[in-house]
Amino acid sequence: MLRVRCLALIFAILSASCAEPPSKEMNQAQGAIDAARSAGADRFAATELTAAIDALERSEDAVAAGDYRQALSHAIDSRERAQAAAKMAVEGRADARGQAERAIAEVATLLSRAQAQLRNPDLARRNDKSIRRVRATVGHAEKMLQDSRAALKTEDYPGVTKALNGAAAQLQAALTEIDAVGSSRPAPRRR
C-alpha cells in the first residue's frame with residue numbers, strides 16, 4: 001500500500017510539472033534563434049539554424065496538441081541547436097573573413113611585384129604585344145582588387161572570391177611573361 005501511494009505521489013508531481021506549456025523554454029529558444037540570426041547563422045550555419053526553427057515549430061505544435069512534455073523537449077532542443085548555430089556562425093564568419101583577407105593579400109602581393117617589374121626601365125620603354133598584354137592584365141587586376149576590398153568592407157565574403165576570380169593565376173602568368181620578355185633582349189637595330 002505504501003508503494004502504491006509513493007508511485008501515485010511521483011506520478012502527481014510529474015503530471016503537475018508538465019501541466020502548463022513550457023513558455024519560458026520556448027521564449028528562450030526564440031531568443032537563441034534571434035541571436036543566431038544576428039550572428040549570421042542564416043549565412044554561415046543555415047542547416048543548424050533551420051533545425052532550431054523546425055524544433056521550435058514542433059514545440060508549438062506539441063503545445064497545440066496538449067503534449068507539454070514533448071513541447072518542452074522540442075523547446076530545449078531548439079534552444080541548444082540555435083546556440084550551436086550561433087557558435088558555428090561566429091566561427092564560419094571568422095574563417096570566411098580570413099580566407100578573403102588571404103586571397104586579397106596574395107593578389108595584392110602579386111600585383112605589387114608585377115607593377116614593380118613593369119617600372120623597370122628596360123621594360124618601361126618596350127611597347128610590344130606581350131608587354132601591352134601584361135599591362136592590361138595588371139590594370140584588370142587592380143580593378144579586381146579594388147572590387148574585392150569593397151566586398152570585404154561589407155562582409156560579402158563570396159563577393160571577394162567572385163571579384164578575385166582568377167586574378168592570382170592571371171598575375172602569375174603575367175609575371176612569367178615579364179620574366180620571359182625581360183630575359184630576351186630585343187634584337188639590336190640595324191643602321
- prompt: Looking at (1) surrounded by fewer than 19 Cβ atoms within 10 Å (Cβ to Cβ); (2) closer than 24 Å to D95 by Cβ, which is the only condition R132 fails?
  reply: (2)
statement: Of L175, L164, the only residue that is more than 30 Å from R43 (Cβ to Cβ) and surrounded by 16 or more Cβ atoms within 10 Å (Cβ to Cβ) is L175
query: For the stretch 116-129, what are the residues that are free of Cβ contacts under 8 Å to residues at least 60 places away in the same chain, loosely packed, with under 15 Cβ neighbours inside 10 Å and touching a helix residue (DSSP H, G or I) at 6+ places or on another chain (Cβ under 9 Å)?
result: A124, D128
query: Which of the residues belonging to the stretch 100-112 are touching a residue at least 24 places away in the same chain (Cβ under 8 Å) and either in contact with a Ser or Thr (Cβ under 8 Å, 6 or more places away or on another chain) or basic (K, R) (or both)?
result: A100, A103, I104, V107
task: Please find, among A51, A45, A94, A64, the residue that is of a type in the set (A, V, I, L, M) and buried (at least 19 other Cβ atoms within 10 Å of the Cβ).
output: A45
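Each value in this text was obtained by applying a stated rule to the coordinates, not by laboratory testing. Please read these numbers as outputs of a predicted model, since none were measured by experiment. Every residue, glycine among them, receives a Cβ derived from its backbone with ideal geometry; neighbour counts consider all protein chains shown.
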